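One structure below.
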């Protein structure tokens, strides 16, 4: 049994936010793993218009393109979904407001926030982090180079022993720009669409 249990009777749903520029097999493999291991029943990739902590990225594809790539990546997966919910939130888009709106819109679901170890170390800089933790369990997945001692985590925050996926969207964009990407870390339909549209060249 996992340390984090569903006692609410609601459908336990992970929220995994990011720009997904582009979505890759590390993202979907982590989503599959969290569902298969019983941490959550479903995982939503919440495609964000812009991370408030990041400067505007000139390589960021438009919202519709990133949503389309993400949907291609999960169309055969029953427990993974893509959500444009945050696209309709006021800007700048802060996770605390998104989660509050999700709770109101989907009262039959218990939302769990999934973040990487790098984001957990930056979590005190998020907007109203205490409010997020007051209402949601956090699942923190390992990232190479970002060590976390589970004994230091507060109640409601759990480090999961997920596999490491040694790839990033930045790596993929750079490889495409150099002409060295063969689509190894991309769903075949995602890679096909990127090539057809000339993204990240």
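The values are calculated or read from the model by the stated rules, or taken from the named source; none is laboratory data. Small disclaimer: the values here were computed from a predicted structure and weren't measured. Cβ: placed from backbone, ideal geometry, glycine included. Neighbour counts: every protein chain shown.
Some observations on this one:
- Among residues of region 122-146, those that are more than 20 Å from residue 100 (Cβ to Cβ) and under 16 Å from the mean Cα position of the chain (by Cα), counted: 5
- Screening residue 9 with (1) over 17 Å from the mean Cα position of the chain (by Cα); (2) at pLDDT 95 or above gives one miss only, at (2).
- The residues of region 159-182 that are crowded, with 17+ Cβ neighbours inside 10 Å and modelled with pLDDT of 95 or more, listed by number, are 159, 160, 162, 169, 172, 173, 175, 176, 181.
- Given (1) touching a helix residue (DSSP H, G or I) at 6+ places or on another chain (Cβ under 7 Å); (2) at pLDDT 95 or above, index of the condition residue 59 fails: (2)
- Test for residue 194: is it touching a helix residue (DSSP H, G or I) at 6+ places or on another chain (Cβ under 8 Å), closer than 29 Å to residue 72 by Cα and modelled with pLDDT under 95: no
- Selection from region 21-51 of residues that are closer than 18 Å to residue 92 by Cβ and part of a loop (DSSP other than H, G, I, E, B): 21, 48, 49, 50, 51
- In region 147-175, residue nearest to residue 36 (Cα to Cα) [restricted to those that are in a helix (DSSP H, G or I) and over 16 Å from the mean Cα position of the chain (by Cα)]: 150
- Highlighted here are the helices (runs of 4 or more DSSP H) found entirely within region 62-146 that include at least 2 residues which are closer than 28 Å to residue 189 by Cβ, touching a residue at least 24 places away in the same chain (Cβ under 8 Å) and out of contact with any strand residue (DSSP E or B) (no Cβ under 7 Å at 6 or more places or on another chain): 63-74.
- Residue count for region 81-101 satisfying the condition of being modelled with pLDDT of 95 or more and more than 14 Å from residue 47 (Cβ to Cβ): 5.
- Flag for residue 201 being more than 23 Å from residue 32 (Cα to Cα) and at pLDDT below 95: yes
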